[in-house]
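Report on the following structure.
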Amino acid sequence: MNTYGPPAYGPPAHGPTGPTELLVIAKAPVPGRVKTRLCPPFSPAEAAELAAAALADTLETVLTLPARRRVLVLDGRPGPWVPPGVEVVPQDAGGLDERLAAAFGRCTGPALLVGMDTPQITPALLAPALAPDAWEGCDAWFGPAEDGGFWALGLAHPDPALLRGVPMSVPETGAVQRRRLVESGLAVRDLPVLRDVDTAADAHRVAADAPAGRFAAVLGRLTGAGVR
């Protein structure tokens with residue numbers, strides 16, 4: 001497999017070290033292109049602001065975690081919102097399964113991928129998958145989402161074939177993906193179930209779970225301004 005090579009943007013990763021590459025797959029927070037299921041009640045600009053806050057919270061947490069590299073796999077152009085210590089590479093073309101497969105395919109060792117839809121993640125939540133013994137007797141870490149998808153996927157030996165062809169963004173996505181791992185003979189360990197931010201109701205639930213984050217602050221400002 002090929003490595004990511006030199007980072008497309010940003011300085012080399014820094015922070016606590018560990019054996020695992022941390023990947024964040026995300027869309028650039030551009031109005032009309034991100035978090036469209038929040039509209040209505042939010043405007044496209046407000047949805048993009050919420051997306052930017054969710055991504056900022058996610059990247060802030062990622063920078064505190066032990067990792068070999070921290071890579072933002074981005075659909076769109078990076079901006080000044082990318083913090084130092086996070087490398088940025090573009091997503092490949094194709095459906096989400098192909099884009100996830102390509103992200104893992106560029107890794108040369110253990111890798112853990114999360115999305116931008118769970119700004120409530122914490123170091124403690126991801127600690128089991130990033131501990132020094134995380135891959136002892138374990139081939140994959142799986143974080144199921146309440147909507148039937150998954151919010152985290154870790155692979156000791158990243159193989160794009162484990163993701164290609166999995167139906168994405170449907171209620172059975174998580175079940176199919178986890179079954180693919182098990183049927184491939186992998187020992188799978190589970191992370192806690194989390195809620196993704198897809199709808200306005202999701203946004204309020206997630207903000208309540210992480211009230212000190214940027215996401216909660218932006219949501220509070222938008223909904224407390226008398227525009228709802």
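Once the gyration tensor of the Cα atoms in segment 159-228 is diagonalised, the equivalent ellipsoid follows with semi-axes of 35, 13, 9 Å, ordered largest first.
Surface composition of segment 83-228: carbon and sulfur make up 56 percent of the accessible area, probe 1.4 Å. Angle of helix 214-223 to the longest C-alpha principal axis of the chain, folded into 0 to 90 degrees and rounded to 10: 30°. A simple packing score, the average count of other Cβ atoms within 10 Å per residue, orders the peptides 188-194, 155-161 as 155-161, 188-194, with the highest score first.
In this simple spin-label approximation, Arg205 and Thr36 carry label points 7 Å from Cα along the Cα→Cβ vector, and these lie 2.3 nm apart. Using a Gaussian network model of the chain with C-alpha springs under 10 Å, which one of Glu21, Glu87, Glu183 is most mobile by mean-square fluctuation? Sorting by GNM fluctuation, first place goes to Glu183. Volume per residue of the convex hull around the Cα atoms, evaluated for segment 33-107, comes out as 104 Å³.
Axis angle, to the nearest 10 degrees, between helix 96-105 and the longest C-alpha principal axis of the chain: 50 degrees. Scaling the Cα radius of gyration of the chain by the globular reference 2.2 N^0.38 Å produces a ratio of 0.97. Remark: the chain carries 43 Å² of accessible area per residue (probe radius 1.4 Å; ligands, DNA and RNA excluded). Against the chain, whose longest principal axis comes from its Cα atoms, helix 200-209 is set at around 70 degrees. Taking every C-alpha pair closer than 8 Å and separated by at least 6 residues, the mean separation divided by the residue count of the chain gives a relative contact order of 23 percent. Projected over every direction and averaged, the convex hull enclosing the alpha-carbon atoms of segment 121-180 yields 4.5 nm².
Counting only DSSP beta bridges with both residues in the chain, the antiparallel share comes to about 35 percent. Each Cα pair under 8 Å and six or more residues apart adds its separation to the average, and for segment 41-161 the resulting relative contact order is 27 percent. In percent, rounded to a whole number, the relative contact order of segment 135-213 is 36, using alpha-carbon pairs under 8 Å and six or more apart. Extension gain for the segment Arg189 to His157, taken as residue separation times 0.36 nm less the Cα-Cα distance, is 10.1 nm to one decimal.
Taking the Cα atoms of segment 98-228, the ratio Rg/Rh between the radius of gyration and the Kirkwood radius comes to 1.02.
The values are calculated or read from the model by the stated rules, or taken from the named source; none is laboratory data. As the structure is a computational prediction, the values presented were derived from the model and not from experiment. Using ideal geometry, Cβ is built from the backbone for each residue, glycine included, and neighbour counts are taken over all protein chains shown. SASA here: full protein model, heavy atoms, side chains in, ligands and nucleic acids out. Shrake-Rupley method; radii C 1.70, N 1.55, O 1.52, S 1.80 Å.
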